[in-house]
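Read-outs: derived from the displayed coordinates by stated rules, not from any lab. Just so we're clear, the structure is a prediction, and the values are computed from it rather than from any experiment.
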Amino acid sequence: MLELNPLCPGFGLETADIDLARPMSDEAFAELERAFFAGQVLVLRGQSLTPTQFVAFARRFGPPEPHVIDQFHHPEDPNILILSNVKKDGKPTGLQDAGSYFHTDYSYLQVPARATTLYSIVVPRVGGNTLFANQQAAYDDLPEAMKKRIDPLYGIHHYGNRHDTDERSRTAASPLTAEQKAKMPLITHRIARPHPVTGRKSLYAVSGSSFGIVGMPDDEACDLLDELALHSTQPKYVYSLSYGVGDVVVWDNASLLHSATLIDPDDARTLWRITVLEPAPVGMAPQVIAPTYATGGM
Ligand SMILES: [Fe+2]
């Protein structure tokens with residue numbers, strides 16, 4: 001029986017009781033996966049993994065999907081995206097300032113991310129935390145009238161950050177090349193989205209890559225999304241995770257928003273990231289949307 005401790009009241013579990021470098025039986029993984037869905041954030045402290053071992057672990061949660069930003073894929077395995085502010089010979093070794101705003105990974109894909117896992121390699125002297133906001137609790141707490149209002153609605157998503165579309169900003173989404181942008185169509189997901197495994201509803205990606213609502217004028221849609229984002233990122237829903245060297249964190253993108261936090265660019269920090277997809281598309285909007293891609297600020 002795995003010894004798990006709560007990270008905070010309401011969600012998040014951690015353990016120092018597991019070594020991911022060793023073989024794990026299907027039964028042991030099933031227990032871990034149940035803890036993952038129950039806790040939404042799962043932290044496995046103090047690991048020591050090769051790229052192959054890290055990918056093998058992530059793969060048990062779902063099929064890995066290499067990030068659209070392919071400049072910083074790990075040389076030994078493209079499923080790993082290197083997040084780092086460390087420079088070698090004057091060149092960046094990884095993606096810096098990735099996702100420093102509340103968002104849900106890959107909500108701009110029709111089959112979005114089930115889980116994201118980070119493996120902490122170099123920990124900065126100060127900060128470097130990841131913030132998680134519990135979107136199940138945020139949905140549960142909505143007034144009934146708001147639940148009724150948003151229940152039939154679909155958000156429109158594309159790559160980017162609705163609140164910061166200046167590509168040069170440190171809190172914008174990492175810029176894409178023209179070729180990378182061309183691969184990114186508009187996507188829809190329910191705003192009150194049932195969890196694909198547990199069925200529990202969450203507010204889904206109301207901050208980050210949601211840019212509109214199907215059938216609603218843009219200004220009205222953004223007002224509603226902003227209202228929901230303000231509600232769902234209140235401190236009472238947020239946990240701030242700090243990393244030790246070797247920590248592996250896995251989080252449930254269907255029920256959380258998360259945000260990186262900015263650190264001093266000269267304070268070295270490196271993480272490896274793998275994102276795995278849900279098994280199949282769920283809950284697409286019935287309406288057909290013209291596949292125009294909004295320009296500016298990805
Ligand atoms: Fe992210």
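Annotations for the structure displayed:
- Gain on full stretching of the segment that runs from residue 50 to residue 230 - 0.36 nm per residue minus C-alpha separation: 60.8 nm
- Where only DSSP H runs of four or more residues are counted, the chain gives -5500 deg cm²/dmol as its mean residue ellipticity at 222 nm, each run worth -39500 (n - 2.57).
- Gyration tensor over alpha-carbon atoms, the stretch 54-108, equivalent ellipsoid semi-axes in Å: 21, 16, 9
- Amide H contacts of residue 167: 297, each under 5 Å away and 5 or more positions distant or on a separate chain (H built 1.01 Å from N in the peptide plane; Pro and chain starts excluded).
- Cα-Cα P(r), the stretch 96-204, percent of pairs per 5 Å interval: 2, 10, 16, 21, 20, 15, 10, 5, 1, 0
- Residue-wise HN-Hα coupling along the stretch 258-267, computed from phi with Karplus coefficients 6.51, -1.76, 1.60 (Hz; x: Gly, Pro): 9, 8, 6, 10, 6, 10, 4, x, 8, 9
- The per residue volume of the convex hull around the alpha-carbon atoms of the chain is 130 Å³.
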